[in-house]
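To keep things clear, I will list the structure first and then write my remarks on it.
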There are 2 protein chains.
Amino acid sequence: MPAKPFAALVDWGTSNLRLWLVDSQGAVLAERQSAEGMGGLDRTAYPAILEGHLSALEAAQDLPVVIAGMAGARTGWREAPYVATPAPLIGLFQHAVVPEGASRPVYILPGVCQREDGHYDVMRGEETQLAGALEQGLDNALFCLPGTHSKWALVENGHISRFSTVMTGELFHLISRQSILRMSVPEDGDAEADPDIFDAAVDAALASGFALTSTLFSIRAEGLLSQGTKTNATARLSGLLIGAEIAAIQSDLKRYGKAYLIGTGKLTRLYARAIARAGGEAIMLDGGLLVRRGLLACAISLFDHEFKE
Amino acid sequence: MPAKPFAALVDWGTSNLRLWLVDSQGAVLAERQSAEGMGGLDRTAYPAILEGHLSALEAAQDLPVVIAGMAGARTGWREAPYVATPAPLIGLFQHAVVPEGASRPVYILPGVCQREDGHYDVMRGEETQLAGALEQGLDNALFCLPGTHSKWALVENGHISRFSTVMTGELFHLISRQSILRMSVPEDGDAEADPDIFDAAVDAALASGFALTSTLFSIRAEGLLSQGTKTNATARLSGLLIGAEIAAIQSDLKRYGKAYLIGTGKLTRLYARAIARAGGEAIMLDGGLLVRRGLLACAISLFDHEFKE
């Protein structure tokens with residue numbers, strides 16, 4: 001007997017969308033992805049884009065859809081207002097909104113915000129990955145999602161209790177390509193090529209009294225002064241920035257002993273390396289799997305809820 | 001009796017040059033400035049530019065010239081190799097070089113470098129201002145020169161013992177104009193308009209456990225979440241960055257109780273305010289006067305030396 005399609009799950013971010021057709025156990029029956037991210041879309045464009053992808057999948061028929069991510073931003077399809085911390089991961093579905101223009105049941109999940117003076121923060125999409133991790137049994141744990149803007153989140157008793165967005169990736173890009181350090185950091189530099197230099201930079205950033213902005217220029221000066229000595233400005237800049245990020249959550253890392261890293265590729269490997277330097281264990285998780293699990297859990301609750309009404 | 005011209009003193013930076021005709025007491029008889037900074041010049045262009053400015057000043061005749069700044073960089077008129085820390089401020093003239101192509105005696109003063117692992121650093125021009133401050137009797141003191149790349153220098157027993165370049169100004173520009181925070185920081189923002197917000201940001205940056213890169217995004221999130229509350233993202237970003245810079249030298253500031261600020265204008269006033277928040281006294285000095293004093297002292301030593309040969 002072929003698996004019965006249950007729902008279409010969508011991770012609709014700023015730059016991309018990914019859509020999966022799943023059965024009620026979350027097994028993927030079909031999938032689509034495209035660069036039609038929220039960043040480039042007018043509010044009115046969403047229904048046709050969604051239907052376009054669904055109509056390409058025969059099994060999608062009139063299945064309901066659950067969406068996480070930036071499609072729920074104020075400038076997205078329809079705003080799904082933020083749930084404030086401590087935000088219950090099981091209850092996200094209760095704050096889903098139904099956007100206009102869809103020809104089938106469509107739900108957009110909310111993001112999460114933190115209203116704390118000096119620590120205001122927002123996320124959209126990551127909370128659904130964390131809900132997926134909770135489904136997987138990961139509670140009372142520290143999570144890190146590396147990226148242009150990485151997120152660190154603490155999940156305690158099924159709630160996102162605290163989180164922080166760190167602009168490490170964007171700063172690396174701006175500093176290495178547009179500041180005076182662009183003359184020292186090659187465009188095709190590889191931080192993994194010199195792990196010893198990366199590690200030393202992480203160690204420097206983890207040391208007490210470290211000051212990032214007072215250290216950056218030394219990368220340029222080292223290039224001017226240390227002729228002949230082996231340097232890798234990419235590894236050093238990367239290590240200083242990622243190290244500074246981990247220094248900021250070092251007390252949480254000590255408390256939990258490990259961090260769950262949601263991601264893949266070189267950047268995630270560098271984070272794992274830096275977490276190890278800080279004495280923590282890094283455990284990698286698949287972000288696509290987690291967001292599907294989180295979306296599926298919400299879908300089940302939403303449809304169940306719908307049925308009861 | 002009219003004052004007798006003694007030398008032409010030049011502060012030749014990356015973006016600008018300033019030239020003063022002085023008597024042997026340092027009194028300014030005439031001056032010139034232009035945007036012919038090192039950054040835009042070919043090595044062969046220097047003699048004609050210098051002579052152009054001097055020929056416009058009748059009194060300059062065949063006076064000798066002493067130059068400080070980027071004209072002595074490897075990519076300038078002629079490289080005047082760095083003197084390493086601890087660098088004696090009185091002896092700078094001993095490392096002056098004579099460039100090619102000049103039709104009169106011309107000397108270019110060296111910069112100063114710090115060859116210390118993880119703290120490599122260079123300066124060109126600021127050392128001559130510090131030499132001027134020493135001439136003024138300021139020894140065993142902490143100096144700060146705000147700018148795109150600010151410099152902090154410790155002068156001990158007539159030597160630059162330690163210094164640090166901080167990319168605060170450049171980072172402020174990149175972050176406020178090109179990162180995601182550009183949507184929060186207005187182009188015409190004024191950090192001085194809300195001194196309470198600036199002060200609070202400085203205080204946050206001075207507090208133990210502060211992590212700059214983990215705090216920046218809160219400026220964006222605050223704008224999204226705190227509707228109605230008064231915010232000034234310019235003041236907050238400026239306070240966090242300048243505060244982080246001062247946090248890095250807080251132990252020196254505690255030790256000396258004060259910092260001599262070489263500069264003028266809004267940026268220097270913000271530094272003075274932040275230094276006060278850190279419990280220090282900020283004393284403003286005129287950078288133009290200091291560089292002339294430093295150049296004059298070198299000129300006297302050089303011409304004296306020349307005479308003896």
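The values are calculated or read from the model by the stated rules, or taken from the named source; none is laboratory data. As the structure is a prediction and not an experimental result, all values here were calculated from the model. Quick reminder, even Gly has a Cβ in these numbers, built from the backbone with ideal geometry, and neighbours come from all protein chains shown. The protein model used for the area step is the full one, side chains on, heavy atoms only, and it has no ligands, DNA or RNA in it. Shrake-Rupley method; radii C 1.70, N 1.55, O 1.52, S 1.80 Å.
B:PHE303 falls short on exactly one of the conditions (1) farther than 30 Å from B:VAL106 by Cβ; (2) surrounded by fewer than 20 Cβ atoms within 10 Å (Cβ to Cβ), and that condition is (1).
With B:ASP11, B:ASP62 as the choices, which residue is of a type in the set (D, E, K, R) and in a loop (DSSP other than H, G, I, E, B)?
Values: B:ASP11 fails: in a loop (DSSP other than H, G, I, E, B).
None of the others qualify; the one that does is B:ASP62.
Within the stretch B:43-57, is there a residue that is assigned by TED's automatic domain parsing to the domain that holds B:VAL10, assigned to a loop (DSSP other than H, G, I, E, B) and under 19 Å from B:ASP23 (Cβ atoms)? Full working, then the answer.
The first filter runs over the stretch B:43-57 and keeps only residues assigned by TED's automatic domain parsing to the domain that holds B:VAL10, leaving B:43-57.
Next cut, assigned to a loop (DSSP other than H, G, I, E, B) only: B:56-57.
Still in the running and under 19 Å from B:ASP23 (Cβ atoms): B:56-57.
Scanning the stretch B:43-57, I find at least one residue that is assigned by TED's automatic domain parsing to the domain that holds B:VAL10, assigned to a loop (DSSP other than H, G, I, E, B) and under 19 Å from B:ASP23 (Cβ atoms), so the answer is yes.
Before we move on, is A:GLN61 touching a Pro at 6+ places or on another chain (Cβ under 9 Å) and among the polar types (S, T, N, Q)? Judged against the criteria, A:GLN61 is a match. Of everything listed in (1) more than 15 Å from the chain's Cα centre (by Cα); (2) crowded, with 19+ Cβ neighbours inside 10 Å, the single unmet condition for A:SER103 is (2). Restricting attention to the stretch B:263-281, the residues that are under 18 Å from B:PHE163 (Cα atoms) and either modelled with pLDDT of 95 or more or part of a helix (DSSP H, G or I) (or both) add up to 2.
Of everything in the stretch B:183-221 that's in a helix (DSSP H, G or I) and among the charged types (D, E, K, R), which residue is nearest to the other protein chains (Cβ to nearest Cβ)? Only one residue tops the list, namely B:ARG220. If we scan the stretch B:122-141, do we find a residue that is crowded, with 16+ Cβ neighbours inside 10 Å, acidic (Asp, Glu), over 20 Å from B:SER34 (Cα atoms) and within 14 Å of chain A (Cβ to nearest Cβ)? No, there is no match, as no residue in the stretch B:122-141 is crowded, with 16+ Cβ neighbours inside 10 Å, acidic (Asp, Glu), over 20 Å from B:SER34 (Cα atoms) and within 14 Å of chain A (Cβ to nearest Cβ).
Determine whether the stretch A:252-263 contains at least one residue that is within 9 Å of chain B (Cβ to nearest Cβ), in contact with a strand residue (DSSP E or B) (Cβ under 6 Å, 6 or more places away or on another chain) and among the acidic types (Asp, Glu). It would help to see each step written out before you state the result.
First, pick out the residues of the stretch A:252-263 that are within 9 Å of chain B (Cβ to nearest Cβ): none.
There is no residue in the stretch A:252-263 that is within 9 Å of chain B (Cβ to nearest Cβ), in contact with a strand residue (DSSP E or B) (Cβ under 6 Å, 6 or more places away or on another chain) and among the acidic types (Asp, Glu).
The set of residues from the stretch B:222-240 being farther than 22 Å from A:PHE163 by Cα and either aliphatic (A, V, I, L, M) or not in a loop (DSSP other than H, G, I, E, B) (or both) comprises B:THR234, B:ALA235, B:SER238, B:GLY239.
The single residue among B:GLN33, B:GLN61 that is over 23 Å from the mean Cα position of the chain (by Cα) and open to solvent by 70 Å² or more (accessible area, probe 1.4 Å) turns out to be B:GLN61. So which residues in the stretch B:263-280 are among the aliphatic types (A, V, I, L, M) and either in contact with a Lys or Arg (Cβ under 6 Å, 6 or more places away or on another chain) or surrounded by fewer than 22 Cβ atoms within 10 Å (Cβ to Cβ) (or both), if there are any at all? Matches in the stretch B:263-280: B:LEU267, B:LEU270, B:ALA272, B:ALA276, B:ALA278.
Would the stretch A:77-93 turn up any residue that is touching a Cys at 6+ places or on another chain (Cβ under 8 Å) and open to solvent by 50 Å² or more (accessible area, probe 1.4 Å)? Yes, the stretch A:77-93 contains a residue that is touching a Cys at 6+ places or on another chain (Cβ under 8 Å) and open to solvent by 50 Å² or more (accessible area, probe 1.4 Å).
Looking across the stretch B:85-115, the residues that are more than 9 Å from chain A (Cβ to nearest Cβ), free of Cβ contacts under 8 Å to residues at least 40 places away in the same chain and within 20 Å of A:LEU224 (Cα to Cα) come down to B:HIS95, B:VAL97, B:PRO110, B:GLY111. Does A:ALA27 count as more than 17 Å from the chain's Cα centre (by Cα), over 20 Å from A:PRO110 (Cα atoms) and open to solvent by less than 70 Å² (accessible area, probe 1.4 Å)? For A:ALA27, the condition - more than 17 Å from the chain's Cα centre (by Cα), over 20 Å from A:PRO110 (Cα atoms) and open to solvent by less than 70 Å² (accessible area, probe 1.4 Å) - is met.
The number of residues in the stretch B:155-178 being surrounded by 24 or more Cβ atoms within 10 Å (Cβ to Cβ) and more than 7 Å from chain A (Cβ to nearest Cβ) comes to 3. Pairing each residue of the stretch B:273-284 that is of a type in the set (Val, Ile, Thr) with any residue that is surrounded by 19 or more Cβ atoms within 10 Å (Cβ to Cβ), provided the two are 6+ apart or on different chains, yields C-beta distances under 6 Å for B:ILE275/B:ALA259; B:ILE275/B:ALA282; B:ILE283/B:TYR260. Per the conditions (1) under 30 Å from A:GLY125 (Cα atoms); (2) more than 9 Å from every other protein chain (Cβ to nearest Cβ); (3) not aliphatic (A, V, I, L, M), the sole criterion not satisfied by A:TRP152 is (2).
Inspect the stretch B:254-262 for any residue being open to solvent by less than 20 Å² (accessible area, probe 1.4 Å) and not in a strand (DSSP E or B) and give the result as yes or no. Let's see the steps before the verdict.
Start the filter on the stretch B:254-262 by keeping residues that are open to solvent by less than 20 Å² (accessible area, probe 1.4 Å), which leaves B:259, B:261-262.
Narrowing the set further to residues that are not in a strand (DSSP E or B) leaves none.
No, because not a single residue in the stretch B:254-262 is open to solvent by less than 20 Å² (accessible area, probe 1.4 Å) and not in a strand (DSSP E or B).
Within the stretch B:222-243, restricting attention to residues that are β-branched (Val, Ile, Thr) and buried (at least 24 other Cβ atoms within 10 Å of the Cβ), the residue that is nearest to the other protein chains (Cβ to nearest Cβ) is B:ILE242.
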